[in-house]
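Just so it is clear, none of the values below were taken in a lab; they were calculated from the coordinates. Source: prediction; values computed, not measured. Please note: Cβ atoms are built from the backbone with ideal geometry, for glycine as well, and neighbour counts cover all protein chains shown.
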Amino acid sequence: MQTIVKAPAKINLTLDVVRKRDDGFHDVEMVMTTIDLADRIHLKTLETDQIIIDVTKGYVPSDEKNLAYQAAHLLKERLGIKKGVSIFIDKQIPVSAGLAGGSSDAAAVLRGLNDIWELGLTLDELAEIGLQIGSDVPFCVYGGTAIARGRGEKLEFISAPPPCWVILAKPPIGVSTKEVYQRIKVDEVDHPQTALMVKAIESNNFEQVCSNLSNVMEDVTFNMHPAVKKIKDRMKQFGSEGTVMSGSGPTVFSLTQNDSKAERLYNGLKGFVEQVYTVRLLGQRHK
Ligand code: ATP
């Protein structure tokens, strides 16, 4: 049995860090949605009890450190499955970019294996298994658009934002999410207006979606890596309607509904950043 599963990236329309918890995690509140920038995961059942990972980017681990491996392993362990799987990851999502590429691969493996192994698990059950791998995996299991709270696993689904182009630029910088969390001063920062973003989405108001884009981690990442702020400034200069950093960065994205503006932004950015993408916003949940 084999299948190909799409693993779309997520972006944060808002990202707020509410407080640090006693268990070391942070409580967050964020509006997340999926975009049509996706890895493709090829799954093939093996009769032998092993998990083989092959990935198109050499610096992504191909052993048990790969989140796709962990997903297959957990599923096999949980259900006592003795057969194995070969997982080929055609990596299109930039790595360590704030786009949850690894989490989405793990989620796609859970969905794909549930399908080809006919396990009959619900998305809720897959999400619960996914949480053992990482805080963003449950969201990636469902896809769509949601307000995420707690560690990111408490999901409240909302309607898809108005259709638009998403222009993303990732500078060649690695951002440590851990360090951003350590440096953020939760009591001193301006917090995003999550409720206003939700209202803008629910009322299909693109302008207000753009004006409420907000990420509490931006200033911390900008201080550590001024190049990220430069990209945001460039995007504004090229006439973007709304621009914000995704996750802990370093990817910055702009939204626009205008085809020629999307093209202008893409071409303008391509002049000085190698990794630039123009994709559609997806926003709909997986079936
Ligand atoms: P952040 O965690 O900062 O939000 P991200 O979710 O965009 O960033 P990923 O692309 O998921 O980051 O990669 C984060 C780390 O996870 C990298 O160090 C990478 O080596 C490791 N990793 C494990 N499995 C995968 C995978 N399937 N795809 C990409 N990276 C993976």
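Using only the alpha carbons of the chain, determine the length spanned along each of the three principal axes and report them from longest to shortest in whole angstroms.
56, 42, 36
With a cut-off of at most 12 other beta carbons within 10 Å, and DSSP calling the residue loop, which chymotrypsin sites (Phe, Trp or Tyr not before Pro) in segment 50-108 qualify? Please list them.
TYR59
How would you classify segment 162-246 from its alpha-carbon gyration tensor, with a ≥ b ≥ c the square roots of the eigenvalues: rounded for a/c under 1.5, else prolate if a/b is greater than b/c, otherwise oblate?
Judged from the Cα gyration tensor, segment 162-246 comes out oblate (a/c at least 1.5, b/c at or above a/b).
Specify whether the C-alpha gyration tensor of segment 86-160 places it in the rounded, prolate or oblate class, a ≥ b ≥ c being the square roots of the eigenvalues: rounded for a/c under 1.5, otherwise prolate if a/b is larger than b/c and oblate if not.
oblate
Shape call for segment 217-286 from the C-alpha gyration tensor, a ≥ b ≥ c root eigenvalues: rounded (a/c under 1.5), prolate (a/b greater than b/c) or oblate?
oblate
Filter the trypsin sites (Lys or Arg not before Pro) in segment 16-94 down to the DSSP loop ones having no more than 10 other Cβ atoms within 10 Å, then list what survives.
LYS82
Defining a contact as two alpha carbons under 8 Å apart and six or more residues distant in sequence, what relative contact order in percent does the chain show?
23
Measure out, as a whole number of angstrom, how far apart the alpha-carbon centroids of segment 66-83 and segment 31-60 sit.
Centre-to-centre distance over Cα atoms comes out at 13 Å.
Once R0 is set to 22 Å, what does the formula 1/(1 + (r/R0)^6) return for the Cβ-Cβ distance between ASP22 and GLN182, expressed as a FRET efficiency to the nearest 0.05?
0.85
Could you give the length gained on full extension between GLU77 and PHE157, defined as 0.36 nm per residue of separation minus the Cα-Cα distance, in nm?
The GLU77-PHE157 span can extend by a further 25.8 nm.
Please list log₁₀ I(q)/I(0) at q = 0.16, 0.21, 0.24 Å⁻¹ for segment 6-68, using the Debye equation with identical point scatterers on the alpha-carbon positions.
With no solvent term, the Cα-only Debye profile gives -0.83, -0.96, -1.02.
Given an 8 Å cut-off on Cα distances and at least 6 residues of separation, report the relative contact order of segment 206-264 as a percent.
Dividing the mean separation by the residue count of segment 206-264 yields 33 percent.
What are the ³J(HN,Hα) values, in whole Hz, obtained from phi via the Karplus relation 6.51 cos²θ - 1.76 cosθ + 1.60 with θ = phi - 60°, for each residue of segment 4-13 in sequence order, with x given for Gly and Pro?
10, 10, 8, 10, x, 6, 10, 10, 9, 7
Determine the calculated [θ] at 222 nm for the chain from helices alone, applying -39500 (n - 2.57) to every DSSP H run no shorter than 4 residues and normalising by the residue count; nearest 500 deg cm²/dmol.
Taking each H run of at least 4 residues, the total per residue is -10000 deg cm²/dmol.
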